[in-house]
Structure formats: structure tokens, C-alpha cells
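As C-alpha cells, the structure follows; a few thoughts come after it.
Quick note: the coordinates plus some simple rules give every number you see, no bench work behind them. Not measured: the values here are computed from a predicted model. Neighbour counts are summed over all protein chains in view; Cβ atoms, including those assigned to glycine, are modelled from backbone coordinates with ideal geometry.
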Amino acid sequence: MLQAYTDVLIFLLVGAGFVVLNMALGRLLRPHNPYPEKLTPYECGEVPVGEGQVPFNIRYYIFALLFVVFDVEVVFLFPWSVVLRDLGLYAFVLMVIFLVMLVDGLVYAWKKGVLRWV
Amino acid sequence: MPLDGDVGLLLPEIIVTLAAVVALATGLRPQAGRAPAVWAFLGVTAAALLLLIGEGRGQAVEIWSGTVLVDGFARLFKLVFLVIAGLTVLVAADYVRRRGIPPGEFYLLLLLATVGMMFMAGSLNLLTIYLGLECLSLASYSLSGLLRRDARSTEAALKYILIGAISSGTILFGMSLVFGATGSLHLGEVSQAVSSATGMTPVLLAGMMFLVVGLGVKMAAVPFHMWAPDVYDGAPAPVAAFLITGSEAAAFAAALRIFLVGLPSLRAEWTAVFVTLAVITMTFGNISAIVQTRIRRLLAYSAVAQAGYVMVGLAIASDAAVSAMLYYLIAYAFTTIGAFTVVILLARHQPADEIQDFRGLGQRAPLFALALTIFMLSFIGIPPTAGFFGKFYLFQAAVGAGMPWLAVIMVINGIISIPYYWGVVRTMYLSEAEDRSPLEAPWGLRWATVIGLGATLVLGLFPDALVRVVNAIQVVPGLPIAF
């Protein structure tokens with residue numbers, strides 16, 4: 001049972017290694033030329049006004065929440081779409097049920113006026 | 001085609017989920033009226049009937065690569081959860097409309113919490129149990145905060161989600177340690193791995209303790225009970241009744257499976273822990289309840305104390321103790337929901353937070369006052385009520401397991417609890433009310449009281465039928481390991 005997780009471990013190591021390797025390569029290859037303008041928020045030359053950390057509207061939160069739901073849904077949809085041809089109608093029906101439930105929630109939120117920007 | 005008889009065994013869960021979705025959809029219309037409540041009630045009733053008369057009774061079947069188990073234990077607990085959910089719908093129908101709670105959301109969350117509980121009882125796989133627990137927990141956090149303009153409700157939801165998240169993490173950590181020590185998430189295989197291993201590994205012991213603590217939070221066992229009084233006092237009243245009965249029973253169901261099926265080799269260790277927790281819990285709960293002046297805080301501390309009694313059964317864990325636990329949980333569910341119904345009824349007409357508000361209820365609503373009196377008798381454990389036999393079987397199990405001192409502590413606790421339960425009854429009958437107008441009850445509350453009262457009395461007068469049922473329940477299913 002534990003041996004089966006060797007693959008996962010290797011996968012994780014390769015994944016982390018890929019990132020580290022590319023960052024290191026970039027560091028070695030790119031020219032090193034720092035100057036203060038590079039650190040300003042807008043490189044186009046616009047002078048920033050005020051603080052960057054300001055309170056922003058709580059209404060974003062509900063959009064973020066709905067976004068997360070559909071973000072996770074996509075995680076399920078991708079593997080499903082790959083093997084759909086082999087699994088056939090059964091998998092299709094199951095996914096439709098799953099989607100109907102999500103849409104039920106979305107429609108509820110929509111009808112409640114959550115998506116309207118007041 | 002993987003579509004086979006397996007799905008049929010999960011039909012009750014599927015029906016409840018569908019009812020939840022439909023209830024949400026019908027709650028959309030501006031004039032939703034009773035529709036969401038009716039759909040929720042129909043779904044729960046259909047699922048319960050299906051469990052009673054449906055296929056596969058009397059056998060234990062493990063499906064979906066050992067992630068779901070359907071056996072007598074699971075079926076009984078699912079039935080209990082469905083009855084609790086059904087009674088909660090009856091109690092809540094009027095409350096939800098009057099307090100302006102969005103009905104669609106309320107019934108969706110209530111039914112999803114029920115589905116979560118059903119999966120907690122219906123699996124030997126630690127991950128499925130955890131998913132069920134999360135489904136229950138997330139729904140109950142939201143349910144406790146549904147009175148959005150009420151400060152107490154918001155506070156309850158916040159406290160519950162913070163402590164609940166920690167307890168979920170603790171449980172998950174415990175499960176991962178058990179998995180690390182045994183290499184399996186299936187409790188049957190965990191048990192085999194533990195018994196074949198030489199000696200007891202510290203990792204496994206640590207995992208066991210994490211599980212005890214995490215589930216202890218859900219059971220509201222002292223010292224992990226800090227959330228319970230605030231949540232049971234602040235959450236919408238029907239939700240509080242649902243959580244005290246359902247959530248607690250689900251935690252005990254999961255604990256029975258995890259410790260009896262998965263970790264029987266560590267029995268000496270977890271028995272010691274649970275005996276200690278049980279004694280602390282019941283004593284602390286009863287003593288704290290004495291000084292309460294708010295009725296729902298009193299019921300909350302009483303719930304803590306009752307959890308202590310039930311935990312005695314978990315600690316002894318003999319066949320007799322498990323039967324006694326099941327009996328107690330069922331009896332307690334009816335009694336608690338009944339008691340909350342009377343609280344909700346009074347709260348329709350006036351503020352009913354304080355025990356003092358129950359003055360003169362004996363004159364204003366004789367039937368409901370009598371019902372509450374009987375529920376209080378059942379909480380204390382005086383015949384002819386269900387609570388008496390619940391406690392009696394637990395005493396018997398304690399004595400039978402060679403722990404008579406535990407029974408003595410339970411009796412002492414029973415005596416400590418008499419004054420505060422009886423105080424409520426005294427207030428109802430011996431104090432005069434300023435407002436003597438009779439209370440009118442909507443039919444949902446009336447039926448919930450009648451069912452609670454009927455069950456409390458029937459279980460107290462004719463305990464044999466239910467005893468036969470619970471005696472036939474096996475926590476450890478006699479089935480071969482699936483893979």
C-alpha cells in the first residue's frame with residue numbers, strides 16, 4: 001500500500017524540481033540590471049497615489065466564493081472529460097447530476113440578487 | 001456498466017439529497033410558503049420508509065471498494081437521524097417563517113447535515129467518515145448563524161466554526177497517524193494490521209488520542225465542550241435541538257465504529273480515556289447546569305451531562321453497553337426535541353430566554369407544560385419515561401463490566417441533576433404568570449410535542465421492543481474484508 005505512494009512522491013519531487021530548476025536557470029541566464037524604477041508599482045510611469053493596502057468592498061467576497069465553487073468543479077470536469085468515452089452513459093449521467101446541483105446553487109444565488117452589483 | 005444494485009443501497013441518501021436540492025429551488029419563489037418544508041419532510045419520510053421496508057435488510061454489504069458499508073448498525077442510525085431531521089422540520093416550519101430565515105437555505109442545510117450524519121454511521125472507511133463529518137459540520141456552522149441580525153446567533157456560528165475547524169483538523173491528523181501506522185484507511189484492515197504488529201507503536205497511540213479529542217469536541221465532552229453552551233443557546237432553536245441530538249449521535253456512531261472495529265487492540269487505553277472523560281463530563285455538565293438562569297443554556301449543559309452518560313457506554317463497550325448507548329441516544333433524541341418544542345412554542349409569544357419566563361405555563365398551556373414535565377422526568381431518569389430505561393441499561397452494563405463505581409457516579413449525578421430540572425417544572429406550575437392568555441400552537445409544534453411525548457412514554461412503558469432491536473445490532477460487521 002505504502003509503495004504505491006512512491007509514484008506520488010516522485011511526482012511531487014519532479015514537480016518541485018521543475019520549478020526550482022527553471023528559476024535557477026533564469027537567474028543564471030538573464031542579465032543583471034537593477035534600477036529603482038523597476039520596483040515602482042506602475043512601470044508605465046504612472047505615479048501611485050496613497051496606500052496600496054486599502055479596505056475593499058466586501059461584495060467581492062461572494063463573487064470569490066462562487067468562483068471557487070466553479071474552480072473546483074473544473075477540477076472534476078477535466079479527468080471526467082478525458083475518460084468519458086470509456087465510461088459511457090453512466091459517467092455522463094452522474095456528472096449531469098453533479099452539475100445540476102451546482103447550477104441549483106448558482107441559480108439560487110443569482111435569483112437572490114447576489115450577482116447584481118449594487 | 002457499473003450501474004448495479006449498489007446504488008439501490010444508497011437510495012435513502014440520494015432521496016434526501018434530492019429533497020434538499022428541490023427544497024432550495026422551491027425556496028426561491030418570493031411567496032415560497034410551506035413548499036420547502038413540505039419537500040424536506042417528504043424526502044426525509046420517503047428515505048425513512050425506504051430504510052424500513054427497502055431491500056437488503058438483515059445483511060451487511062460493503063460497496064464501492066469498501067468506502068460505504070450498509071449494515072444493521074448503519075441502518076438503525078440512519079433511521080434515527082432521519083427521524084430527528086423529520087421532527088426538526090416539523091418544529092422548524094413555523095419558526096423559520098416567523099423569524100425570516102430563508103426557507104430554501106434552512107432546509108437545504110438541514111438535509112445536507114443529515115446526509116453527512118448518515119455517511120458517518122455508514123462506513124468503515126476513515127475518509128468517508130471524515131467526509132460525512134465535514135458535510136455535517138459545514139452545514140451546521142451555517143445553520144447556527146442563520147439568524148443573521150441576531151448577535152448571539154452570529155457569535156454561536158463564529159465560535160462553532162473556529163472550534164469545529166480545529167476539531168476537524170485534529171480528527172484528520174489522528175486519521176493520518178493511524179494510516180501512517182497501519183497503512184490503511186479501512187477500519188477492518190487497520191484492526192488486522194494493529195493486531196499482527198508486535199507491540200504498540202507510539203504513533204498509533206498518538207493517532208488514537210487525536211481521534212478521541214476530535215470526536216470529543218463533536219460530542220461536547222468536557223474539557224472540549226466550550227463551544228456547546230454558546231451554540232446551543234445562540235443558534236436558532238430548532239437547529240440547537242437538531243445539533244444536540246443528531247450531531248452528537250453521529251459523533252458517537254463514528255466513535256463506536258472507529259474504536260470498536262478499528263482499534264480493539266488498544267481497548268485498555270481508550271477505555272481509560274473514555275471513563276475519565278465520561279466522569280468529568282457528566283459531573284461538570286450537571287454542576288454547571290444548576291447555576292444557569294437561561295433555559296437553553298440549562299438544556300445545553302444538560303446535553304453535556306447526557307453526553308457523559310452516553311460516553312460511559314462507549315467506555316465499557318461491551319455488547320450490553322453498546323445496546324444501552326443506542327437505547328439512550330434514541331430515547332434522548334425524542335426527549336430533547338420535545339423539550340425544545342415547548343421552548344420554541346413559548347418563544348412565539350414572548351421572550352422565552354430565561355427560566356423565569358416559564359412562569360404559569362401550567363395554566364396557559366396545560367398540555368405543553370405536562371409534556372415538558374415528562375421530558376424533564378425523562379432527563380432525570382425517573383420511570384415511566386424513556387430516560388429511566390436508558391440510564392438503567394447503562395447502569396446494568398457498568399455493573400456487568402465490573403465497574404459498579406461508575407454506576408454509583410452516574411446515580412450521584414442523577415441526584416445532582418434533579419434540582420435544576422425540577423426548578424423548571426416548579427416555575428411552570430407554582431409561579432403566577434403576568435400574562436395569562438392561553439398559548440396557541442401551530443400544528444407542527446403540536447405534532448412534534450405529541451410524537452416526542454408519545455415516544456418518551458412508550459419507550460418508558462414498553463422498552464422491550466426497542467431493546468430487541470438494539471440488542472440485534474452489531475457494531476463490528478461480520479463480513480470479509482473487501483480487498
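Brief remarks on what is shown
- When the alpha carbon gyration tensor of chain A is reduced to an equivalent ellipsoid, the three semi-axes, largest first, read 39, 32, 12 Å.
- What you get for region A:2-111, charging only the Cβ of Lys and Arg (+1) and of Asp and Glu (-1), is a dipole of about 100 debye around the Cα centre.
- With each label modelled as a point 7 angstrom along the Cα→C-beta vector, the B:LEU127-B:GLN350 pair spans 5.6 nm.
- A:PHE11/A:TYR90 FRET efficiency (R0 22 Å; Cβ-Cβ; nearest 0.05): 0.15
- In this structure the amide hydrogen of B:GLU354, modeled in the peptide plane, comes within under 5 Å of the amide hydrogens of B:ILE295, none closer than 5 places in sequence on its chain.
- Footprinting exposure proxy for A:VAL49, B:VAL399, B:VAL304 (fewest neighbouring C-beta atoms within 10 Å first): A:VAL49, B:VAL399, B:VAL304
- Annotation: average projected area of the protein assembly as shown is 34.0 square nanometres, based on the convex hull of Cα atoms across all directions.
- Among residues other than B:GLY164 with Cβ under 13 Å from its Cβ, the summed charge is 0 (Lys and Arg +1, Asp and Glu -1).
- Projected label distance in nm at A:LEU39 and A:VAL103, using a 7 Å step from Cα toward the beta-carbon: 5.3 nm
- On the basis of the beta-carbon distance and an R0 of 41 Å, A:VAL47 and A:PHE18 show a calculated FRET efficiency of 0.60.
- Relative contact order computed over chain B (Cα-Cα under 8 Å; 6+ residues apart), in percent: 15 percent
- Between region B:152-175 and region B:272-291, the Cα center-to-center distance that results, in Å: 21 Å
- Kirkwood-type radius of region B:299-355, with distances r between different C-alpha atoms, in Å: 12.8 Å
- Helix-only [θ]222 nm of chain B, DSSP H runs n ≥ 4, -39500 (n - 2.57) each, per residue, nearest 500: -24500 deg cm²/dmol
- Unit charges at the beta carbon, dipole of chain B: most positive-side option, B:LEU345, B:GLY43, B:LEU158: B:LEU345
- A simple spin-label model places pseudo-atoms 7 Å from Cα toward Cβ; at B:ARG34 and B:VAL61 they are separated by 3.6 nm.
- One Cα centroid belongs to region B:394-428, the other to region B:298-351; the line between them spans 13 Å.
- For the protein assembly as shown, the residue among B:LEU367, B:ALA241, B:SER318 whose Cα projects farthest onto the positive side of the dipole built from Cβ charges is B:LEU367.
- For B:SER288, B:SER176, the sequence from fewest to most other C-beta atoms within 10 Å is B:SER176, B:SER288.
- Using the average count of surrounding beta-carbon atoms within 10 Å as a protection proxy, the listed peptides A:50-59, B:462-471, B:262-271 rank, highest first, as B:262-271, B:462-471, A:50-59.
- Extension gain, B:ARG97 back to B:ALA151 (0.36 nm per residue minus Cα-Cα distance, nm): 17.5 nm
- Cα-based Kirkwood hydrodynamic radius, region B:230-378, one decimal, Å: 16.3 Å
- Table column - 3J(HN,Hα) (Hz), region B:394-410, Karplus curve with 6.51, -1.76, 1.60, x for Gly and Pro: 5, 4, 4, 5, 5, 5, x, 8, x, 10, x, 4, 5, 5, 4, 4, 5
- Between the residues B:LEU406, B:LEU329, B:GLY452, the greatest Cα displacement towards the positive end of the dipole of region B:5-471, with unit charges on the Cβ of Lys, Arg, Asp and Glu, is found for B:GLY452.
- Helix-only arithmetic for chain A: the sum of -39500 (n - 2.57) across DSSP H runs with n ≥ 4, divided by the residue total, places the mean residue ellipticity at 222 nm at -23000 deg cm²/dmol.
- Take each residue of peptide B:183-190, count the partner chain Cβ atoms within 10 Å of its Cβ, and average: the result is 1.
- Under the convention that each Lys and Arg Cβ holds +1 and each Asp and Glu Cβ holds -1, the size of the dipole of the protein assembly as shown around its Cα centre is about 1040 debye.
- Once the Cα gyration tensor of region B:73-219 is diagonalised, semi-axes √(5λ) in Å: 35, 18, 9
- Taken about its Cα centre, region B:25-174 carries a charge dipole of about 600 debye when Lys and Arg each add +1 at the Cβ and Asp and Glu each add -1 at the Cβ.
- Using the Cβ-Cβ distance between A:LEU77 and B:GLN396 with R0 set to 56 Å, the FRET efficiency works out to roughly 0.50.
- Taken as Cα centroids, region B:429-476 and region B:15-64 sit 24 Å apart, rounded to the nearest whole angstrom.
- When chain B is reduced to its Cα atoms, the Kirkwood hydrodynamic radius in Å: 22.3 Å
- Likely footprinting exposure, B:SER437, A:SER81, fewest C-beta neighbours within 10 Å first: B:SER437, A:SER81
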